[in-house]
Amino acid sequence: MMNYRYKIVLYLCLLIISIMGNGTFFQNNRLNSRLINSVSGKIVESGMEYSLQLDDTQNIHMDELIRNIYNKISWSYRKYSGGAEEVAYLDQDNIHASIKIVRGKDTKVFISLSEEGKQQLISKIEKKLDNFVEVKNFNSNSYKYVKVKCMESSMINCEKAIEKTIRNDNGNNIDRIRISNGYSITALIGKGPVKKIGDKLINLNCAICRYNTGTYLVIGSPIISITY
């Protein structure tokens, strides 16, 4: 009887985990693997960006804000400031991190993190930053991406494989456009934060690009926040 109950509890736990995982690309490891495998790819870089919007009523001192952010991830930093922008940055343990502050009617703060290979250290930092943003009650958005080196060199074959994988995962609002160095695909898949592009909602953005070093797939959620 106890063994039977144990199996029921284990099944329910796995079911809950499965349901929770049916979210955006970065919460859905199955879709992650399928997209990468469809182009015979290997992750070479991963990263994320926070965009914070501050209004005058919050009365936040920027130096203090930068110190608080870097204290959260237990790193020191070097700072450069000039004109309307202030930048703090560091390179440590295969991670590049930067904070850019753009002043205007509303001050905007961009926190960028990138790591060689899979998200290992970044995933730990992400939890700390999520908590920090929530406690401070900032108006914020977050974007995540992975960059994959494709063993399949044909961009057309890669594009077809990615689009087929998205359709097989019940993707909606699928759009494809030709860009200067490849293709960009957007779609709405699963749950999670979405972005409105034109008249469509999306939370998955894939770009297949050709560089001197080969063909790459960049996957972002809800959009790709880096230059490609």
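Here, each number is a calculation from the coordinates, and none is a lab measurement. What you see is a predicted model, and the numbers here were worked out from it, not measured in a lab. We place every Cβ from the backbone using ideal geometry, glycine too, and count neighbours over all the protein chains shown.
Some observations on this one:
- Applying the Karplus relation 6.51 cos²θ - 1.76 cosθ + 1.60 with θ = phi - 60° to the range 37-52 yields 3J(HN,Hα) values of 5, 5, 10, 6, x, 9, 5, 10, 7, 9, x, 7, 9, 9, 10, 10 Hz, where x marks Gly and Pro.
- Extension gain, ILE226-ARG167: 0.36 nm per intervening residue step, less the Cα-Cα distance, totals 18.8 nm.
- When the listed pairs LYS108/LYS147; LYS108/LYS128; LYS144/LYS195 are checked against a 23 Å cut-off, the alpha-carbon distance exceeds it for LYS108/LYS147.
- Length available on full extension from ASP175 to LYS160: 0.36 nm per residue minus the Cα-Cα distance, which gives 4.2 nm.
- Length added when fully stretched, VAL102-LYS136, from 0.36 nm per residue minus Cα-Cα: 10.4 nm
- The range 148-202 - Kirkwood radius from inverse mean 1/r over Cα pairs (Å): 12.3 Å
- Computed from backbone phi with θ = phi - 60° and the Karplus coefficients 6.51, -1.76 and 1.60, the 3J(HN,Hα) list for the range 125-131 is 5, 4, 4, 5, 5, 4, 5 Hz; x is used for glycine and proline.
- Packing around the peptides 137-150, 167-180, taken as the average count of other Cβ atoms within 10 Å per residue, puts them in this order, highest first: 137-150, 167-180.
- Amide hydrogen neighbours beyond the local backbone of THR107, cut-off 5 Å, H modeled: LEU54
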